[in-house]
Every structure is written in C-alpha cells, then in structure tokens.
Amino acid sequence: MLELYTDRLRLRTLRCDDKQDFLCLHQDPVINQYIAVPESESVLLDKFEHKLAPWHYDSGEWLTLTIEELGTDRFIGFTGLYCSNLTLGHAEVGYMLATQGQGRGYASESLQAVIDWACLSFDVHKFIGTCAADNLASGRVLEKAGFKLEGVLRHNFKIKEQWIDDKVYGLLSEERSL
C-alpha cells in the first residue's frame, strides 16, 4: 500500500472502504460542475472496482489516492496521476476535494506530495494539469504548485449542452519547489 505524508495529510492507496466517499464525491453536482455530469451509481461502482486493482506507472491508468486529514482520518478527497506519455516523460495530475476539504490548502499540499513522490519514483520530465477555464480555484491550486499556464483549449469538452474551455498548465520536474 502506498502512503504519502505531508504536515497535515495522509495520501494512501484507494481501499474498499472508500466506496461511499467515492460515490458521494463523484455524484455531487456542485463538485462536478466543471468536470462532468455525474454518472449513475452502477457506472461509478464499476469504475471504483477497476481503480482498486494494483497500479503501475506505465499502465495508462490513473493512480487514485485517498486524501485524509492526519490525526482525524477525516476524508478530504482524492488526488493522483497517470503517465500520459511514457516516451516524453509526461504525467497528468488531478485532484477532487469534498466540500469540507476545500479552501484550506489541502489540494495544493496533496498535489505537491504527489509531484515530489513521482519525481523520486519515475522518470517524469513534465507534469500536466488541466481544468475548466471557469474553475478559478483549481487554476489557483496548480499555480500555487508552480504550474504555468500553457494555453487554453477552446470548447474542449461538453457538460450537458454547455461547451467548456480548458486551461492547460505545465510544470517541468526541474522547476518544482523543494
């Protein structure tokens, strides 16, 4: 089991007992407003079961880590990464926080831990973070972690009938703060 620690958080491999938190977070329409239309419980349960399988960096699958508050074990959200291009050394990062974890710096703190671990564990040249252009809080998280805005992909995806622009951020491994 993978466990990463920060001053306030524990990030750990997804477990069976995370199922309810996974469902609640992925079905919350407010939290998902910039991500996707919440999927049915059966679809989400299939995705959850798939994410419980052992993870390998070069699998092309997302590593999903549960974020917990140290001392209380209170659920904060999920974070993770996946190798988007092994040859170029690109890894995409992501995070999704429950309402009780937002606005406290937990996303930035957990993201920094994932980046530091990935740099020590894999040959990552560049980290990529993408968020909806209107998701200002997520953009601030990436910028706080040292990511630079590299471009905007106009009408890059659709939620219901609404086209969404994506901001794409990048962080070279050599630029990360230590």
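Structure values in brief
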quantity	calculated
Accessible solvent surface per residue of region 109-174, calculated while the other protein chains remain in place, 1.4 angstrom probe, Å²	55 Å²
Base-10 log of normalised Debye intensity for region 84-146 (one unit scatterer per alpha-carbon) at q = 0.19, 0.26, 0.29 Å⁻¹	-0.73, -1.16, -1.31
Total charge dipole magnitude, the chain, about the Cα centre, Cβ charges on Lys, Arg, Asp, Glu only, Debye to nearest 20	320 debye
Residue-span extension gain [Asp28 to Glu174] - 0.36 nm each, minus C-alpha spacing	48.9 nm
Rh (Kirkwood; distinct C-alpha pairs) - region 1-41, Å	12.0 Å
Cα-based equivalent ellipsoid of region 49-178: semi-axis lengths in Å, sorted from largest, via gyration tensor	21, 20, 16
Farthest positive-ward along the chain dipole, Cα basis, beta-carbon charges - from Asn135, Phe78, Ile35	Asn135
Projected-area mean, region 18-77, by convex hull of Cα positions, square nanometres	5.0 nm²
Percent carbon-and-sulfur accessible area, the chain, ignoring ligands, DNA and RNA, probe 1.4 Å	51 percent
Reachable lysines from Lys19, criterion Cα separation under 24 angstrom, eight or more residues apart if same chain	Lys47, Lys51
Helix runs (DSSP H) in the chain reaching 20 Å along axis by Cα, Kyte-Doolittle at least -1.0	106-121
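The values are calculated or read from the model by the stated rules, or taken from the named source; none is laboratory data. All figures in this text were calculated on a predicted structure; none of them were measured in a lab. Reconstructed Cβ throughout: ideal geometry from the backbone, glycine too, with neighbour counts over all protein chains shown. All accessible areas refer to the heavy atoms of the entire protein, side chains included, with ligands and DNA or RNA removed. Shrake-Rupley method; radii C 1.70, N 1.55, O 1.52, S 1.80 Å.
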